[in-house]
Amino acid sequence: MTFGITNATALEILDSRGRPTLSVTVELSDGSSGVAGVPSGASTGSREAVELRDGDPARFSGGGVLTAVNHVNTEIAEHLRGRTWESLADLDRSLQALDGTQNKARLGANAIVGVSMATARALAASAAQPLFEWLPSVGQSPRLPVPCFNVLNGGVHAPNALDFQELMISPLGAPSIAEAVRAGAEIYAALRKRLAADGHATGLGDEGGFAPDLAEPEEVLAVIVAAITDAGYTPGRDGVAIALDPAASEFATADGTYRVNGQTLTSDDMIDRYAAMIDAYPIWSIEDGLGEADHDGWQRLTARLGERIQIVGDDNFCTNPAIIAAAIDDHIANAALIKLNQIGTVTETLEAMAVCQRAGYGQMISHRSGETPDSFIADLAVATGCGQLKTGAPARGERVAKYNRLLEISVARPDLPYGPPSR
Ligand code: PGA
Ligand code: ZN
């Protein structure tokens, strides 16, 4: 399926935090087109592909993306118009080569990933297929993923005193995606009620979860378990379980210890604490439980808890196939978080998932804390059959766009199974 591109254009838009990002449109020679909104993280891994910002203090405190926009509108558009393309992978490889750096720093990963996503959409339109049917599989058959609703926010995503960044609820035992979304929304409402009744603020963090002034992770876990019960659901893997993303790189200190609610903890203290949390609360997955530089700590964490729960690498993996392959050899984690803009093309994202798949590592597809209404990741999660998608609270337009897309897909394809794949 060769194709030609007649144009690629970008404009500067705002993301859900009110910061600039890109909207990219790609037009094919058969008249089909695709549009993509580019996400943007706040707790980023140091080895992520580079998000190009203008650095002009006169605009958006340096956060403008007009340089990246200009790269799409000029150099990238000229490059894309110049030849016939064999596949999305062919185009993605060529964009990598055009950029010429290891980490997409010259043209900007935000420019490149927008072009890659918009091209995928245009190719799906050209094939008259929904995106989830057009996207290539990575060896797992399509399924509707378990949504991981981030109902309580801390860390760099909220101004409260909570060091842990994300506390999520996952309706693992729901019979369908529709019932899973309903459970998420009902528990979210129950949590708001309970927090308000206890005199806590019910303002929201960046991903739409509540951001009360609670600082002790265990205290928050207890409130969430109570809200699950309040809403009439069963806490646990047969009902609604809990996933954590402490994003520990953000509270790791220079001497290798961790600061949690004013206490100083070693890696082994952290691992002991997680073990106790797993005993006391229905936790099925922990992402970034330790900092990205704590290689030995990650090995001990995986050896100690990897048989009991999912251990997910995010900041330390950066959706990078080579980094993940090395981590697999080193027995670090048993799953990877998957974010398109961390690596910068759809093709490399699929490669990272394939590396995981071959090693029996789980894959959780993820939004970023700065989002647009673009629901590409919902289609990606279904197409790849990875069985897990985290995309924030069951509230706020940019988050529910993804969950609502899963509902649409489930109605169009009632034959698709729901839930995590059995490994
Ligand atoms: P980010 O957070 O998008 O701000 O990086 C998400 C995560 O850490 O998983
Ligand atoms: Zn994370």
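Since every read-out is calculated from the coordinates, none of them should be taken as a lab result. Remember, predicted model here, so these are calculated numbers, not experimental data. In this analysis, Cβ positions are derived from the backbone assuming ideal geometry, glycine residues included, and neighbour counts consider all displayed protein chains.
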**Fill in**
Contour minus Cα-Cα span, Ala128 to Val411, at 0.36 nm per residue, comes to 100.1 nm
**Prompt:** Lys193: which aspartates and glutamates have alpha carbons under 13 Å from its alpha carbon, excluding same-chain residues fewer than 8 sequence positions away?
**Reply:** Asp230
**Item:** Charge dipole (debye, nearest 20) of region 113-204; +1 at Cβ of Lys and Arg, -1 at Cβ of Asp and Glu
**Value:** 160
**Item:** Whole-number Å³ per residue for the convex hull built on Cα positions in the chain
**Value:** 129
**Furthest towards positive pole of dipole, Ala275, Ala381, His331, structure part region 257-383, Cβ charges** = Ala275
**Item:** Other-chain or far-sequence residues with amide H under 5 Å of Met364's (modelled H)
**Value:** Ala336, Leu337, Ile338
**Fill in**
Among region 143-177, those whose backbone N falls under 19 Å of a label point 7 Å along Cα→Cβ from Asp198 are 149-155, 158-170
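How high is the relative contact order of the chain? Use alpha-carbon pairs under 8 Å, at least six apart in sequence, and give a whole percent. Kindly include the intermediate steps, with their values, before the conclusion.
Numbers: 993 pairs, mean separation 86.1, N = 423.
Relative contact order comes out at 20 percent.
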**Request:** Please report, in whole Å, how far the alpha carbons of region 51-110 spread along each principal axis, starting with the longest.
**Result:** 42, 22, 15
**Complete:** Among Phe210, Gln310, Ala118, the residue whose Cα sits farthest towards the positive end of the charge dipole of the chain, when +1 is placed on the Cβ of each Lys and Arg and -1 on the Cβ of each Asp and Glu, is Ala118
**Prompt:** Rounded to the nearest 20 Debye, what is the dipole magnitude of the chain about its Cα centre when Lys and Arg each give +1 and Asp and Glu each give -1 at the C-beta?
**Reply:** 860
**Prompt:** When the Karplus curve 6.51 cos²θ - 1.76 cosθ + 1.60 is applied with θ = phi - 60°, which whole-Hz ³J(HN,Hα) does each residue of region 224-230 get, with x for Gly and Pro?
**Reply:** 5, 4, 5, 5, 4, 5, 3
**Furthest towards positive pole of dipole, Gly45, Ser23, Gly64, structure part region 5-64, Cβ charges** = Gly45
**Asked** Between region 1-32 and region 324-355, how many Å separate their Cα centres?
**Response** 25
**Request:** Using Cα positions and a limit of under 18 Å, work out the lysines in reach of Lys104, with same-chain residues fewer than 8 apart set aside.
**Result:** Lys339
**Request:** Could you work out the mean projected area of the convex hull around the alpha carbons of region 179-280, in square nanometres to one decimal?
**Result:** 7.3
**Request:** Give the Kirkwood hydrodynamic radius (Å, one decimal) of region 1-151, defined as one over the mean of 1/r across all pairs of different Cα atoms.
**Result:** 16.4
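Using alpha carbon coordinates only, what is the Rg to Rh ratio of region 263-310, with Rh defined as the Kirkwood radius?
On the way: Rg = 10.2 Å, Rh = 10.9 Å.
Over the Cα atoms of region 263-310, Rg/Rh equals 0.93.
Count the DSSP beta bridges whose two residues both fall in the chain, then state the antiparallel fraction as a percent rounded to the nearest 5.
Bridges in the chain that DSSP calls antiparallel: roughly 60 percent.
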**Asked** With +1 on each Lys and Arg Cβ and -1 on each Asp and Glu Cβ, how big is the dipole of region 184-244 about its Cα centre, in debye rounded to the nearest 20?
**Response** 220
**Prompt:** With each pseudo-label sitting 7 Å past Cα toward Cβ, what's the Arg106-Asp269 distance in nm, one decimal?
**Reply:** 4.7
**Item:** Quotient of C-alpha Rg and 2.2 N^0.38 Å, computed over region 266-347
**Value:** 1.10
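Using Cα pairs under 8 angstrom and six or more residues apart, how large is the relative contact order of region 140-206, in percent?
That works out to 32 percent.
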